[in-house]
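Working notes for the structure below.
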2 protein chains.
Amino acid sequence: MSILVVGSVALDSVETPFGKIKNALGGSATYFSISASYFDEVNLVAVVGKDFTKKYFKIFENRKINLKGLQIVNGKTFRWEGKYNYDLNKANTICTALNAFENFQPELPEEYKKPEFLFLANIDPELQLRVLAQVDTKPKLIALDTMNFWIENKKEQLIKAIKKVDMVLINESEIRQLTEENNLVKAVKKIMKWCPAVIIKRGEYGSLYFSQKKVFSCPAVPLENVTDPTGAGDSFAGGFIGYLSKVGKTDQKEVCNGILFGTALASFCVEDFSVHKLLNLNYKRIQNRVDKIKALAAIRS
Amino acid sequence: MSILVVGSVALDSVETPFGKIKNALGGSATYFSISASYFDEVNLVAVVGKDFTKKYFKIFENRKINLKGLQIVNGKTFRWEGKYNYDLNKANTICTALNAFENFQPELPEEYKKPEFLFLANIDPELQLRVLAQVDTKPKLIALDTMNFWIENKKEQLIKAIKKVDMVLINESEIRQLTEENNLVKAVKKIMKWCPAVIIKRGEYGSLYFSQKKVFSCPAVPLENVTDPTGAGDSFAGGFIGYLSKVGKTDQKEVCNGILFGTALASFCVEDFSVHKLLNLNYKRIQNRVDKIKALAAIRS
C-alpha cells in the first residue's frame, strides 16, 4: 500500500521538568512518517529551510521515507518552542516561527497522487483542501488532524475539509471547541454529521473511536517515565495508519487493531525527547507493547 | 456472603448545570449500600439525626439493607451542599455541616463482627481504624476510600489504616497528594508498599486497577447525559464489592469483573440526582450495561 502525509517538518526547542532540547527534529509529518515507516513506505510532503542539514535528511532517508515532496526553500525551517510543567497534558507555546512554512503550498509529485492512505496532519485547512484537490483516486482512508488555532481562525474551511475525509483525529478540548458541545457523545454526533468516524485522543487516558458500527475505548499504557509528550498525537496517527496500510484493510476490527498500534507508537514517543526513542524501535518491540495494551483491557486470572 | 459498610448517610443539596436538589438522600454509605444491594445483603453502620424521616428509612428497608448499626442521635443529619460547573469532574463544596456525624463513634452490632466483605467508606481514618479493631475474623476483602481532607489532616493515621486493608480506592489527585508523586505508576508503587492493591478512580476516563499480578484498565461508558456526579465513587465501590460478595471470590478475574459492575453502577448513578436512578434498576439492566462496557474494550468487526 502507499501512505501519503502532508504536514510540518520542524526544529523544536522543548523544556519539560525532565530536561530540555534545542532545535531537535520535530513537526507533525516527522513524527507521523517515522512511526508509519515501521509498517510501510511513506511519501512525505512538507517544507524546510536551508538550515535543514544533511543529518536531518539522513534520518528520513535511512527509513525509506520518500522526500521527493519535501520542498527546500530559502530561509529557516519552521521552529516551535514550548514548555511543559508537571501536567504534561498541556503544552505552553513560548514561540512559533513559521519561517519556511509561511508561504508553503503543498504540491504532490505526480507519483504521489494515488495514495491508498492519506494523513492530513495539522496544517491550515485551506492547504488540506488544496492537497485533497490534487488527489486523483479515492484513497482507502483519509484522516485529518487539526488544532485550536484553525478552529478559532478558519472554522468554515476546516469543516469543509472534514466533510471530504473519512476520519477526524482530535483531542478533547478541540472537539468541544469545534462543536461547541461540552458533552463528548453529543460532540461526536455533531462531527459524524460531517464525517463517518472520529478518534478522540485523550493523552494518558487513551483514546475513544466512534463510527456508525463501533465504539472502541483503547487505554494508554501507564508509563513510569514520561519525558516529553510532543508528537504523541502524530506518532499515534503514524502507527495507526501505518498498520492499516500494512494489512491493507480498514474494516472495524483492523481499525481497532490499528488504534492499538497507534497507542504503542505514542507511548514510545513520549518516553524521550524529539524522535529519539521512535528511531530505535523494531517491529517486535512494537508488537510487545501492543500485547501489553491488549492485556490491560483483558479480564483474566 | 455478608457485606459491611461504615460511612456517612447524609442529606445533600446539589446544583449542576442541569438542575438542583435540596436535602436529598446522599452520603458514601448510602450510595454504596443501595448499589451493593442489587447483589447481596448489606449491613450498614452510620449515624443520622432526628430529621431523618420515615421515607428515608423506607428506602433502605425496602432493599434489605440492615439498619441495626444505624445510630439515631439528637440533632440534624450530616448535610453537604455542593455545586458543579460544566467540568463535572470537580465538586465545589459550598457548605459541610457535620451535625450528627460530629461525635460519631462507629459500633458494630455483635452479628456484624464477622463480615466477609468490608468497605471503609470515606470517614476519619481514626474511625476506620476503630472499625477494624472491632472485626473478629479476617474478611475476604477490606477496601478503603478516603479524601483530600484526611490526607491533609490525618495522613499518619490514614497510612496506618491503609496498612491494615487489602485495597485502596482513590482518585487521581488524592493518590498524587497522598504519595507526593506526580507520576501515577510511581504513586501506585508507593501505595503498594503499604497495601497489596489499588483502584484509581478516574471519573469519565474509567479506572485503573493495580495488584502484584495484574494491571487492568476499565473504560467508563461514554454518556450523553451526565446530571450529577455525586456518589459515583461510592456507587462504584458498591457495585464492585456487591459483585464480589455475590460470587464469593476475590481472584484477579473476578476482581476485574467486579470493576465492570462497579463501573456500571457508577454510570447509572451520575445519570440523575441523588440516588434516583440507582433505586430503579434491576439485575438485567446492570448486566446489559456491563456488556456494553465489555464491548467498548473489545476488538471485533
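Observations, loosely collected:
- Between region B:146-220 and region A:151-186, the C-alpha centres lie 35 angstrom from each other.
- In chain B, taking the dipole from charged Cβ atoms about the Cα centre, the farthest positive-side position among B:Val42, B:Pro125, B:Thr16 is held by B:Val42.
- Sparsely packed loop sites in region A:16-58 (the trypsin sites (Lys or Arg not before Pro) outside DSSP H, G, I, E and B with at most 13 other Cβ atoms within 10 Å) comprise A:Lys50.
- Seen from B:Lys253, the other residues with C-beta closer than 12 Å to its C-beta sum to a net charge of +2, counting Lys and Arg as +1 and Asp and Glu as -1.
- Radius 15 Å from Cβ of A:Gln71, net charge of other residues (Lys, Arg +1; Asp, Glu -1): +1
- The separation of region A:37-85 from region B:227-301, counted between C-alpha centres, amounts to 48 Å.
- With R₀ fixed at 60 Å, the C-beta to C-beta distance from A:Lys68 to B:Thr93 puts the FRET efficiency at about 0.45.
- Cα gyration tensor shape for region A:205-301, rounded if a/c is under 1.5, else prolate or oblate: prolate
- The string of couplings for region A:94-105 from the Karplus curve (6.51, -1.76, 1.60, θ = phi - 60°) is 8, 7, 10, 10, 4, 6, 3, 6, 4, 10, 5, 10 Hz, one whole number per residue in order, with x for Gly and Pro.
- Set A:Lys163/B:Lys186; A:Lys54/A:Lys113; A:Lys22/A:Lys113; A:Lys190/B:Lys253; B:Lys22/B:Lys214 screened for pairs whose C-alpha atoms are more than 32 Å apart: A:Lys163/B:Lys186; A:Lys22/A:Lys113; A:Lys190/B:Lys253; B:Lys22/B:Lys214
- Judged by the ratio a/c of the largest to the smallest principal axis of the C-alpha gyration tensor, region B:91-188 counts as oblate, that ratio being 1.5 or greater while a/b is no larger than b/c.
- Its relative contact order, with pairs defined as Cα atoms under 8 Å and 6+ residues apart, puts region B:1-51 at 46 percent.
- Reported value for the protein assembly as shown: 142 Å³ per residue, from the convex hull of its C-alpha atoms.
- Position A:Val247, label points 7 Å along Cα→Cβ, spacing to each other copy in nm (shortest first, one decimal): 2.8
- Across region A:224-237, rounded Karplus estimates of 3J(HN,Hα) from the backbone phi angles (6.51 cos²θ - 1.76 cosθ + 1.60, θ = phi - 60°) give 7, 10, 10, 9, 7, x, 4, x, 4, x, 6, 5, 4, 4 Hz, Gly and Pro being marked x.
- The charge dipole of the protein assembly as shown, taken about its Cα centre with unit charges on the Cβ of Lys, Arg, Asp and Glu (plus for the first two, minus for the last two), comes to roughly 1240 debye.
- Label geometry 7 Å along the beta-carbon vector: A:Phe18 inter-copy distances in nm: 3.7
- For region A:3-296, the square roots a ≥ b ≥ c of the C-alpha gyration tensor eigenvalues yield an a/c under 1.5, which makes the shape rounded.
- Label point of B:Lys160 (7 Å along Cα→beta-carbon): distances to the other copies' equivalent points are 7.0 nm, sorted ascending.
- Intensity falloff of region A:145-279 expressed as log10 I(q)/I(0), Debye formula with alpha-carbon point scatterers, at q = 0.09, 0.11, 0.16, 0.20 Å⁻¹: -0.26, -0.39, -0.83, -1.22
- Chain A, relative contact order in percent, only Cα pairs under 8 angstrom and at least six apart counted: 18
- Residues in region B:35-42 carry Karplus couplings, in order, of 5, 5, 5, 6, 10, 6, 5, 10 Hz; the curve used is 6.51 cos²θ - 1.76 cosθ + 1.60 with θ = phi - 60°, and Gly or Pro positions show x.
- Summing Lys and Arg as +1 and Asp and Glu as -1 over all other residues whose Cβ lies under 14 Å from the Cβ of B:Leu178 gives a net charge of +3.
- Positive-end residue, region B:151-212 charge dipole about Cα centroid, Cβ charges, pick of B:Leu184, B:Ala161, B:Gly203: B:Ala161
Where a number appears in this text, it was derived from the coordinates with a stated rule and is not lab data. Please read all numbers here as calculations on a predicted model, not as lab measurements. Quick reminder, even Gly has a Cβ in these numbers, built from the backbone with ideal geometry, and neighbours come from all protein chains shown.
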